[in-house]
Amino acid sequence: MHALALIHFLVTVAALFGAAAKRDDSGKLVVAHVIVGNTYPYTIDNWTSDIQLASDNGIDGFALNVGPTPGSRIALLTLSGFDLGTRPRPTSGSLQALHVVRHDGPVLYASSDAATLRNYITSYATHPNQLLVNGQVFASTFSGSDCTSARVFCQGWNSQFISQLTGQNAVHFVPSFFSDTSAYSEFDGVMDGTFNWNGGWPVSLTVQSAQSAIQGLGSALGDATFTAQLESVLNSSIGTFSTDQTYISALNAVSGDSKTYMASVSPWFFTHYPQSSYNKNWLYLMDNQGYNTRWETLISNRDSVDIVEIVTWNDYGESSYIGPVEGAQPQGTTWATGFDHTGWLAMTKYYATAFKTGAYPAITQDQLFMWARPHPKDAQASNDGTGPPTSYQLTEDALWAVAFTTQPATVALTTGSGTTQTVDVPAGVTRLSMPLTAGAGMAATMTRGGAAVLSVSPGADAFTFNPNPQTYNFNAFVAYATANGTTS
Ligand SMILES: *[C@@H]1O[C@H](CO)[C@@H](O)[C@H](O)[C@H]1NC(C)=O
Ligand SMILES: *[C@@H]1O[C@H](CO)[C@@H](O)[C@H](O)[C@H]1NC(C)=O
């Protein structure tokens, strides 16, 4: 098994950041998916600072994606002084509980693996920061339904996992099974809810599906930027609730008084491993500020959503992270270092708060966020045997920006010398975009009544839209600034 496959066969765990954050059964939660394998160099201090950062930005807990064998990546954590094999020390702010996990169906048949999964539950069941739902240990998975027959597979989960965890160890099981939702009756007695992992991205939007939708629109996917018409056709697939609705309806086939629907939100997706390693080379289109759109969708459908899982905190290999780039990355990951995403984290609190409370909070600080890919979509990388990622044609060579403003203001975006777009924006959240210029960078200012409010200026060393890249990189570089204290 490849190392990355291992990561992806891992489990999902949820740890809440404080007893006060423990979910009461009517409350809504926002958690972020953490690939524990990528944290193996972490010290307790690194965990503490990540937890603080997440908590400061509206995230209630981490969903810890952990592997089947304690001897592998978990042991590496132990080496760094954080022992997941025993109950975490009750250090203030330290990592707390886990919920579990997913597994590959056949793997589950190895009783030692099932025992490992059960051990994750029993080790943390009574920890004060374990997420409980209906008094049961909340457990989720990434996958776990990959086996020849849903029935056989369910028997495995049932006999090896659910039915062996009783009393204080009983689980509220909300897996992400990538199986046909029309067969959910097979999961009766196994699932207490479902997690729609792929719901955050328009996974069905492909070059082929787009081609038929955009015929006659007078611009083509080959263009660097699209007409408003074409853009809006693509945009209409991003951030929707359609697969969520399918999953929620499918849960009707599962019995239970208190079923949990967990939705996913993700800012981005690009992965680029050659056939000789993990053989993954594609993107999902998240242009048009898709992260913002998806959050707005989840907020307007919040009556149907119990928990939102941000996918992810630190999956550098799939470019979906909103946490800092730190810790470790899978071998061959060349596209994350230098590509900060914490602007998306800073944007998260506003949406997470709206999801949990039902009302968008007042904007109390002026902020400006902007992001872009580092090279034109049609650039020919000079030293990349893997080729451009599947679906790259759907992207636009655009700078995407979002302004959070306390009062009306003027925003000027610059993507090259003499290439500035100036827009008067109302108070609130405003989306902006403009074409990028090959060889130039990105910068922005916000002014009000002629006075400077903030500026974002990452500089050419941090970001240049490079027409001659060595390797393909469809990850985003995110810059941002907050009035009274600038970051980028
Ligand atoms: C994309 O769709 C979202 C949701 O409908 C909308 O808010 C946004 O303005 C759209 N963007 C563009 C460029 O059409
Ligand atoms: C852990 O935190 C220290 C102190 O902030 C930092 O220097 C180090 O790079 C971090 N380590 C990792 C693996 O992120």
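The values are calculated or read from the model by the stated rules, or taken from the named source; none is laboratory data. Just so you know, these numbers come straight off a predicted model, no measurement behind them. All Cβ positions, even for glycine, are placed from backbone atoms using ideal geometry, and neighbour counts span all protein chains on display. Just so you know, the surface numbers come from the protein's heavy atoms only, side chains and all, with ligands and any DNA or RNA stripped out. Shrake-Rupley method; radii C 1.70, N 1.55, O 1.52, S 1.80 Å.
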Check on Asp244, acidic (Asp, Glu) and at pLDDT 95 or above: yes
When only residues in the range 409-432 that are free of Cβ contacts under 8 Å to residues at least 40 places away in the same chain and not in a strand (DSSP E or B) count, which is nearest to Ala379 (Cα to Cα)? Gly416
Taking the options Thr405, Thr447, Thr415, Thr482, name whichever one is of a type in the set (Ser, Thr, Tyr), open to solvent by 30 Å² or more (accessible area, probe 1.4 Å) and away from ligand 1 (no atom under 16 Å from the Cβ). Thr447
Those residues of the range 340-358 which are surrounded by fewer than 22 Cβ atoms within 10 Å (Cβ to Cβ) and within 16 Å of ligand 2 (Cβ to nearest atom) amount to Thr342
The conditions are (1) touching a strand residue (DSSP E or B) at 6+ places or on another chain (Cβ under 7 Å); (2) over 20 Å from Leu432 (Cβ atoms); (3) open to solvent by 50 Å² or more (accessible area, probe 1.4 Å); (4) assigned to a loop (DSSP other than H, G, I, E, B), and Gln365 fails exactly one of them. Which is it? (2)
Could you check, for the range 253-264, whether at least one of its residues is free of Cβ contacts under 8 Å to residues at least 60 places away in the same chain and among the charged types (D, E, K, R)? yes
Scan the range 433-479 for residues that are closer than 27 Å to Asp315 by Cα, part of a strand (DSSP E or B) and of a type in the set (Val, Ile, Thr) and jot them down. Val456, Val478
Could you tell me whether any residue of the range 453-468 is within 24 Å of Thr227 (Cβ to Cβ), of a type outside the set (S, T, N, Q) and not assigned by TED's automatic domain parsing to the domain that holds Trp295? yes
Residue hits (the range 1-34; surrounded by 23 or more Cβ atoms within 10 Å (Cβ to Cβ), touching a Phe, Trp or Tyr at 6+ places or on another chain (Cβ under 8 Å) and at pLDDT 50 or above) are Ala14, Ala15, Val30, Val31, Ala32, His33, Val34
Any residue that is in contact (Cβ under 8 Å) with a residue 24 or more places away in the chain, open to solvent by 20 Å² or more (accessible area, probe 1.4 Å) and of a type in the set (D, E, K, R) - is there at least one of those in the range 378-391? yes
Tell me whether the range 284-293 contains one or more residues that are touching a helix residue (DSSP H, G or I) at 6+ places or on another chain (Cβ under 9 Å), more than 24 Å from Thr225 (Cα to Cα) and surrounded by 20 or more Cβ atoms within 10 Å (Cβ to Cβ). no
Just checking, does the range 216-234 include any residue being in the same structural domain as His127 (by TED's automatic domain parsing) and among the hydroxyl-bearing types (Ser, Thr, Tyr)? no
Just the residues that are in contact with a Lys or Arg (Cβ under 6 Å, 6 or more places away or on another chain) and of a type in the set (Ser, Thr, Tyr), please, taken from the range 337-393. Tyr392
